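Colleague: Following this message is one structure expressed as structure tokens.
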Amino acid sequence: MPELLVDFITSLDGYGAAQGWPGWWGLEGPEYLAWLSGQPEGDYTVLMGANTYRLMSELAAQGEPGTDVLADFSKIVFSSTPMEPPTWANTRLVSEDPVEFVREAKRTGDTSMRTIGSLILCRALLEAGLVDRFRVVVFPVITGSTGRDRIYDGYPDVALDLISSRTFDGRSQLLEYVPTVLAGPPGSTAEKGRREG
């Protein structure tokens with residue numbers, strides 16, 4: 001069965017971006033860029049929301065380091081409102097509900113999927129129990145006053161089992177987990193009921 005990988009980059013305090021900071025907080029480094037260039041999961045279809053698509057396609061058009069590897073990836077943009085046809089190569093626009101689309105793709109398809117950015121999309125897919133792997137690259141900065149796009153706001157409680165880790169350029173940490181959505185804190189009545197039901 002195809003898998004779904006949720007893939008984030010964050011500051012240490014859990015922000016996906018920060019006002020005035022460069023991409024990757026200016027700390028992408030040669031090891032990290034080499035890993036990206038190696039196209040991990042390059043045969044996976046990349047899923048994103050419309051806002052992430054607009055941002056990433058613009059960065060790619062400007063030649064932002066690391067975005068060039070995405071050009072050849074198969075990409076799907078979810079948008080429930082009309083938008084211009086995608087101009088980024090290998091991109092398809094999908095207007096149906098992303099949870100149902102991914103559920104059906106996992107059931108009947110043969111291609112695994114991964115996300116890029118798209119906080120609301122990732123949260124919905126996680127809440128639906130569709131995420132098989134959850135990967136985060138944590139960059140060593142705290143952007144408390146300039147951070148934006150808090151990644152985990154609105155998330156359910158999630159248990160994470162670590163399956164791999166790696167350090168890039170002596171500073172950034174890749175952490176990869178298998179997630180389990182919880183009904184509440186471990187040992188709580190709600191969580192016991194979920195496991196028994």
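The values are calculated or read from the model by the stated rules, or taken from the named source; none is laboratory data. Fair warning: this is a prediction, and the values are worked out from it, not measured in the lab. Positions of Cβ are generated from backbone atoms using ideal geometry, with glycine treated the same way; all protein chains shown enter the neighbour counts. Keep in mind that these areas ignore ligands, DNA and RNA; they rest on the heavy atoms of the full protein, side chains included. Shrake-Rupley method; radii C 1.70, N 1.55, O 1.52, S 1.80 Å.
Colleague: Looking at the structure I just gave you, is Gly144 at positive phi and open to solvent by 40 Å² or more (accessible area, probe 1.4 Å)? Even if it seems obvious, please write down each step before you answer.
Modeller: On the way: at positive phi: no; open to solvent by 40 Å² or more (accessible area, probe 1.4 Å): yes.
Spelling it out, it is not the case that Gly144 is at positive phi and open to solvent by 40 Å² or more (accessible area, probe 1.4 Å).
Colleague: Out of contact with any strand residue (DSSP E or B) (no Cβ under 8 Å at 6 or more places or on another chain), open to solvent by 40 Å² or more (accessible area, probe 1.4 Å) and closer than 23 Å to Leu126 by Cα, is that true of Leu55? Working first, answer last.
Modeller: Numbers: out of contact with any strand residue (DSSP E or B) (no Cβ under 8 Å at 6 or more places or on another chain): yes; open to solvent by 40 Å² or more (accessible area, probe 1.4 Å): yes; closer than 23 Å to Leu126 by Cα: yes.
For Leu55, the condition - out of contact with any strand residue (DSSP E or B) (no Cβ under 8 Å at 6 or more places or on another chain), open to solvent by 40 Å² or more (accessible area, probe 1.4 Å) and closer than 23 Å to Leu126 by Cα - is met.
Colleague: Another question, if that's okay. Of everything in the range 94-125, what is open to solvent by 70 Å² or more (accessible area, probe 1.4 Å) and either assigned to a strand (DSSP E or B) or under 22 Å from Ser57 (Cβ atoms) (or both)? Give them in sequence order. Spell out how you get there, then give the answer.
Modeller: To start, the set of residues in the range 94-125 that are open to solvent by 70 Å² or more (accessible area, probe 1.4 Å) comprises 95-97, 100, 103-104, 107-108, 110, 120.
The answer is Ser95, Glu96, Ile120.
Colleague: I've got another one for you. Can you spot a residue in the range 70-90 that is among the aliphatic types (A, V, I, L, M), more than 24 Å from Gly129 (Cα to Cα) and under 19 Å from the mean Cα position of the chain (by Cα)?
Modeller: Pass one, the range 70-90, residues among the aliphatic types (A, V, I, L, M): 70-71, 76-77, 83, 89.
Cutting the leftovers down to more than 24 Å from Gly129 (Cα to Cα) gives us 70-71, 83, 89.
From the residues that got through so far, the ones that are under 19 Å from the mean Cα position of the chain (by Cα) too are 70-71.
Yes, the range 70-90 contains a residue that is among the aliphatic types (A, V, I, L, M), more than 24 Å from Gly129 (Cα to Cα) and under 19 Å from the mean Cα position of the chain (by Cα).
Colleague: For Ala18, are the conditions met, namely being farther than 20 Å from Leu130 by Cα and either modelled with pLDDT of 90 or more or buried (at least 16 other Cβ atoms within 10 Å of the Cβ) (or both)? Lay out the reasoning, then the answer.
Modeller: Details: farther than 20 Å from Leu130 by Cα: yes; either modelled with pLDDT of 90 or more or buried (at least 16 other Cβ atoms within 10 Å of the Cβ) (or both): yes.
The answer is yes for Ala18.
Colleague: Ok, one more. Quick one: in the range 170-197, of everything that is among the acidic types (Asp, Glu) and surrounded by 14 or more Cβ atoms within 10 Å (Cβ to Cβ), which residue is modelled with the highest pLDDT?
Modeller: Pass one, the range 170-197, residues among the acidic types (Asp, Glu): 176, 191, 196.
Still in the running and surrounded by 14 or more Cβ atoms within 10 Å (Cβ to Cβ): 176, 191.
Details: Glu176: 97, Glu191: 54.
Among them, the one singled out is Glu176.
Colleague: Could you please give the count of residues in the range 74-93 that are open to solvent by 20 Å² or more (accessible area, probe 1.4 Å) and among the aliphatic types (A, V, I, L, M)?
Modeller: Number of matching residues: 3.
Colleague: In the set Tyr44, Tyr32, which member is more than 21 Å from Met113 (Cβ to Cβ), crowded, with 20+ Cβ neighbours inside 10 Å and either touching a strand residue (DSSP E or B) at 6+ places or on another chain (Cβ under 9 Å) or β-branched (Val, Ile, Thr) (or both)? Step through it out loud before you land on a result.
Modeller: Numbers: Tyr44 fails: more than 21 Å from Met113 (Cβ to Cβ).
Answer to the check: Tyr32.
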